[in-house]
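The values are calculated or read from the model by the stated rules, or taken from the named source; none is laboratory data. Note that this is a predicted model, so its numbers are computed, not measured. Because the Cβ atoms are built from the backbone with ideal geometry, glycine has one as well, and the counts that use them run over all protein chains shown.
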Amino acid sequence: MPEGAGPRLVVAFDHGARRIGAARGDTLSRTAAPLAPIRAGDGGPRWEEVDAVVREWRPALMVVGLPYNADGSESGSTRAARAFAAAVAARYGLPVELVDERYSSLEAQSRLQSARAAGTRRKRVRKTDVDAAAACVILERWLSAQPVD
């Protein structure tokens, strides 16, 4: 982030074939909060749902997680996430940054299960919850790499 750029709102995505986890955060609080998952299918994401997120939150930039293999190599999922990121950049004219998301879903699931065990979460952990929490992890990784204003 350029010096003096000030606080910015950021939206992050955890791209998946069936669902896309989403989260929002900002560079001032450096925190992330989950958003409702975006449905996806053979035709790609439900763009009207992505449009609604962008309209509501008006981010300055977006972050997309890249699902590398454990050894750092790319897979079909990595290529699909790159294609999604390129489509987002073209559709909204906003900068899109890519973040290594290895193990973000495992970290997200662990966080949610720990919250449930501690009693701070009452609902059972669903796949959609994990997707949104993984988007939070991705956004938090991006935020932690940014210089402090």
Handout entry: Yes/no for PRO37 being modelled with pLDDT under 95 and assigned to a loop (DSSP other than H, G, I, E, B)
Key = no
Exercise for the section: Kindly establish whether SER114 is modelled with pLDDT under 85, loosely packed, with under 15 Cβ neighbours inside 10 Å and out of contact with any Lys or Arg (no Cβ under 8 Å at 6 or more places or on another chain). Expected result: yes
Exercise for the section: Would you please name the residue that is nearest to GLY6 (Cα to Cα), looking only at residues in the stretch 86-101 that are touching a residue at least 40 places away in the same chain (Cβ under 8 Å) and not in a loop (DSSP other than H, G, I, E, B)? Expected result: GLU97
Exercise for the section: Output yes when any residue across the stretch 72-84 is within 21 Å of LEU35 (Cβ to Cβ) and at pLDDT below 85, and no when none is. Expected result: no
Exercise for the section: Kindly indicate the residue of the stretch 16-32 that is without any contact (Cβ under 8 Å) to a residue 40 or more places away in the chain and not basic (Lys, Arg) and also farthest from ARG82 (Cα to Cα) among those meeting that condition. Expected result: SER29
Completion exercise
Residue count, the stretch 79-95, condition in contact with a strand residue (DSSP E or B) (Cβ under 6 Å, 6 or more places away or on another chain) and surrounded by fewer than 20 Cβ atoms within 10 Å (Cβ to Cβ), comes to 3
Practice task
Please work out which residue is surrounded by the fewest Cβ atoms within 10 Å (Cβ to Cβ), limiting yourself to the stretch 52-76 and to residues that are in a helix (DSSP H, G or I) and in contact (Cβ under 8 Å) with a residue 40 or more places away in the chain.
Solution key: VAL54
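In the stretch 2-19, which residues are surrounded by 18 or more Cβ atoms within 10 Å (Cβ to Cβ) and modelled with pLDDT under 95?
Result: ASP14, HIS15, GLY16, ARG19.
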